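The values are calculated or read from the model by the stated rules, or taken from the named source; none is laboratory data. Worth saying up front: this structure is predicted, and the values here are computed from it rather than measured. Neighbour counts are summed over all protein chains in view; Cβ atoms, including those assigned to glycine, are modelled from backbone coordinates with ideal geometry. Heavy atoms of the whole protein, side chains included, go into the accessibility calculation; ligands, DNA and RNA do not. Shrake-Rupley method; radii C 1.70, N 1.55, O 1.52, S 1.80 Å.
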Amino acid sequence: MSPARIGLFGGTFDPVHYGHLRPAIELAEHYALDVLYLLPSHQPVHRGPTGASSSQRIDMLQMAVADVERLEVDTREALRGGSTYTIDTLEAMREEFPNATLLFFLGMDSFAGFDGWRRWQDILSIANLVVIDRPGALMSDFSTDLMEQQKKRFGVERIERIDVTQLEISATAIRQAAAAGHSLRFLLPEPVRQYIEEHQLYRRMPS
Ligand code: ATP
């Protein structure tokens, strides 16, 4: 049966960590999702090269959700190559699942720059946006205005803000810890930690 309620959680996942995973499971439960796809990007358009390759980031994500019901990895962006845009993925999803409710999740820090996303208005007409609070990330003026505007425009909440368990973990801090030779224990799933060690990832200090 085709899923009726689909969530998408995009990111670089360089590497995936509990700051992504705990909110993801809470969101899947809260919104009664049939599936929540973690959607690793290829080379993000707004930042430098990733520390791990696309296939390594996919490997780590797949390990992280291997025994977790309803969490899956969508590899289309990571494997497509070149710049990837959320709107293209959402349009493809909409075509694949014409009747499904689509929810797109993003952290408050990402939402603050949402007006820089390609065709962001179209994103709102395809999916409901759910903004996850993140420690230290504040609402920008744009975010506040957009939330107000969309209420008027759609008459319903197309952008929602949700409070999930907030873990002050970032991939940047993990890469820095790895480069400094510090332990990564309890920041991410153990198989992912071992993978990083085995593949000697993030040995150089990120720029
Ligand atoms: P980096 O430090 O490399 O920027 P990151 O830890 O922010 O990485 P991303 O892969 O860029 O992770 O994030 C994917 C999505 O998850 C983004 O929407 C981001 O806002 C959100 N996110 C990341 N970490 C957290 C966290 N600890 N709590 C809530 N949301 C998070």
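List pairs: first residue in segment 51-73 and in contact (Cβ under 8 Å) with a residue 60 or more places away in the chain, second residue open to solvent by 60 Å² or more (accessible area, probe 1.4 Å) and of a type outside the set (S, T, Y) anywhere in the structure, Cβ distance under 6 angstrom, at least six positions apart or on different chains.
From segment 51-73, the pairs are M63/P191.
When you check V156 against the structure, is it open to solvent by 20 Å² or more (accessible area, probe 1.4 Å), part of a loop (DSSP other than H, G, I, E, B) and modelled with pLDDT under 80, yes or no?
yes
Could you tell me whether any residue of segment 127-134 is out of contact with any Gly (no Cβ under 9 Å at 6 or more places or on another chain), among the β-branched types (V, I, T), at pLDDT 90 or above and under 14 Å from L90 (Cβ atoms)?
There is no residue in segment 127-134 that is out of contact with any Gly (no Cβ under 9 Å at 6 or more places or on another chain), among the β-branched types (V, I, T), at pLDDT 90 or above and under 14 Å from L90 (Cβ atoms).
This table checks each residue for (1) away from the ligand (no atom under 13 Å from the Cβ); (2) surrounded by fewer than 23 Cβ atoms within 10 Å (Cβ to Cβ); (3) modelled with pLDDT under 90.
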residue	(1), (2), (3)
G11	no, yes, no
V16	no, no, no
A24	no, no, no
E29	yes, yes, no
L38	no, no, no
P44	no, yes, yes
R47	no, yes, yes
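Within segment 85-103, does at least one residue satisfy the condition of being within 16 Å of the ligand (Cβ to nearest atom) and open to solvent by 30 Å² or more (accessible area, probe 1.4 Å)?
Yes; the residues of segment 85-103 include at least one that is within 16 Å of the ligand (Cβ to nearest atom) and open to solvent by 30 Å² or more (accessible area, probe 1.4 Å).
From the set of residues in segment 176-206 that are at pLDDT below 95 and among the basic types (K, R), which is surrounded by the fewest Cβ atoms within 10 Å (Cβ to Cβ)?
Step by step, filter segment 176-206, then rank; the result is R204.
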